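The values are calculated or read from the model by the stated rules, or taken from the named source; none is laboratory data. The model shown is predicted, which means the values in this text are computed figures rather than measured ones. Please note: Cβ atoms are built from the backbone with ideal geometry, for glycine as well, and neighbour counts cover all protein chains shown. Heads up: the accessible areas ignore ligands, DNA and RNA and are worked out on the full protein's heavy atoms, side chains in. Shrake-Rupley method; radii C 1.70, N 1.55, O 1.52, S 1.80 Å.
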Amino acid sequence: MTQCYALGTLTVCLDGEIDHHAVRDIREQVDISINRHKPSKVIFDFENVTFMDSSGIGLIMGRYKTLSRYGGIIEIVRMPPYIEKVMKLSGVSKIVKGLDRAKAADKGEQDRKEQ
Amino acid sequence: MKSINKMKMTIPAVSANEGLARLCVSAFASQLDPRIDEIADIRTAVSEAVTNCIIHAYKGRGGLIYIESLLYPDRITVKIKDKGCGIDDIDKAMEPLFTTGGDDRSGLGFSVMQSFMDSVKVKSGPSEGTTVSMTKILRRADEGNPDER
């Protein structure tokens, strides 16, 4: 996982398998960045994610709660189709932006920065 | 119907084994030559059931998870059993978004299992542990010629 912060936006590039085991580390690191920067937007880039179960939904919902306390938003970009299935089931698309894949891909390229 | 293959594994209820469990079951399922999306469904459902054992049944204190899987020509069954605390109210536990796991758990584990598998049965009681029995029917069986298998 890599993160970068610029101009109010925290971009989190996730990779590998996101399950209960992996989520603990991801959450810890993302929360450190959120607390430090208070970003107005957090972008989760799923391009290199190979697996995700409901633990990943919990991760996003938890960050959404934190951000919504001060008006921040969450955006999800470059979601592979097999992960979209879990996302759709959760209804998480109602609280995050960017689940339209074509649009998300453009947006992802635009926002992607090296750490 | 008689099963064509059988697999059993017992693993400690630690989170590092979530990946191992779903990998083993999906490797076993691959003997039926399922489609990629069917394999993904099975992996995800197994991951949810095993995670439940670790977080809820054993409350992170460890224990053993018993996984048993059977292959039939057109389906796979997976039974995931623990000897943990059991579920007081199964209907409540299976409600979407209900969780006792705290803020960062989505409460969608059983919903994922139910929508990704063709049947999910839960047997549980206080002090007897929980057994989740899931079946996935592989659709290629309907499409292909059974004589070729």
- [ ] Normalising by the residue count of region A:2-114, find the relative contact order in percent from Cα pairs under 8 Å and 6+ residues apart.
- [x] 27 percent
Task: Solvent-accessible area of B:Arg139 with every protein chain in place, 1.4 Å probe, in Å² to the nearest 10 - done: 100 Å²
TODO: Could you work out the relative contact order of region B:42-117, using alpha carbon pairs under 8 angstrom and six or more residues apart, expressed as a whole percent?
DONE: 34 percent
Open item on the list: Rg/Rh for region A:2-114 to two decimals, with Rh computed the Kirkwood way over all alpha-carbon pairs.
Closed with: 0.91
Task: Fraction of antiparallel bridges per DSSP, region A:2-114 only, in percent to nearest 5 - done: 25 percent
Open item on the list: Quick check on my link table: of B:Lys92/B:Lys121; B:Lys79/B:Lys123; B:Lys81/B:Lys121; A:Lys65/A:Lys97; A:Lys88/B:Lys81, which ones sit more than 18 Å apart, alpha carbon to alpha carbon?
Closed with: A:Lys88/B:Lys81
TODO: List, in order, the whole-Hz ³J(HN,Hα) value for each residue of region B:73-88 obtained from phi through the Karplus relation with A = 6.51, B = -1.76, C = 1.60 and θ = phi - 60°; use x for Gly and Pro.
DONE: x, 10, 7, 10, 10, 10, 10, 10, 10, 10, 10, x, 6, x, 10, 5
TODO: Rank these residues by their accessible area, most exposed first, probe 1.4 Å: A:Glu75, A:Glu17.
DONE: A:Glu17, A:Glu75
- [ ] Please work out the Cα convex hull volume for the protein assembly as shown and give it in Å³ per residue.
- [x] 132 Å³
Open item on the list: For a quick check of understanding: with a 1.4 angstrom probe and all protein chains in place, what accessible area in square angstrom does A:Tyr82 have, to the nearest ten?
Closed with: 110 Å²
TODO: Quick one: compute the contact order of chain B, relative version, from alpha carbon pairs under 8 angstrom and 6+ residues apart, as a percent.
DONE: 26 percent
- [ ] Order the following by accessible area, largest value first: B:Asp88, A:Asp19, B:Asp118. Probe radius 1.4 Å; ligands, DNA and RNA are ignored.
- [x] B:Asp88, B:Asp118, A:Asp19
- [ ] Could you pull the accessible area for A:His21 with a 1.4 Å probe, rounded to 10 Å²?
- [x] 80 Å²
Open item on the list: Once each part is reduced to its C-alpha centroid, what is the distance from region B:1-72 to region A:14-38 in angstrom?
Closed with: 25 Å
Task: Size of electric dipole in the protein assembly as shown: Cβ of Lys, Arg +1 and of Asp, Glu -1, about Cα centre, debye, nearest 20 - done: 460 debye
Task: Rounded to whole Hz, the Karplus (6.51, -1.76, 1.60) HN-Hα couplings of region A:12-27, x for glycine and proline - done: 10, 8, 7, 8, x, 9, 9, 10, 4, 5, 6, 4, 4, 5, 4, 4
TODO: Please report, as a whole percent, how much of the solvent-accessible surface of the protein assembly as shown comes from carbon and sulfur atoms (probe radius 1.4 Å).
DONE: 50 percent
Open item on the list: Need the per-residue list for region B:100-135: every residue with at least 40 Å² less accessible surface in the complex of protein chains than in the chain by itself, probe 1.4 Å, sorted by number.
Closed with: B:Asp103, B:Asp104, B:Arg105, B:Ser106, B:Leu108, B:Phe116
Open item on the list: Using a 1.4 angstrom probe on the protein heavy atoms only, could you order B:Leu97, B:Leu20, A:Leu67, B:Leu70 from most to least accessible area?
Closed with: B:Leu97, B:Leu20, B:Leu70, A:Leu67
- [ ] Restricting to the protein assembly as shown, compute how many DSSP beta bridges are antiparallel as a %, nearest 5.
- [x] 70 percent
TODO: Would you calculate a helix-derived [θ] at 222 nm for chain B, using -39,500 (n - 2.57) for each DSSP H run of n ≥ 4 and dividing by the full residue count, to the nearest 500?
DONE: -9000 deg cm²/dmol
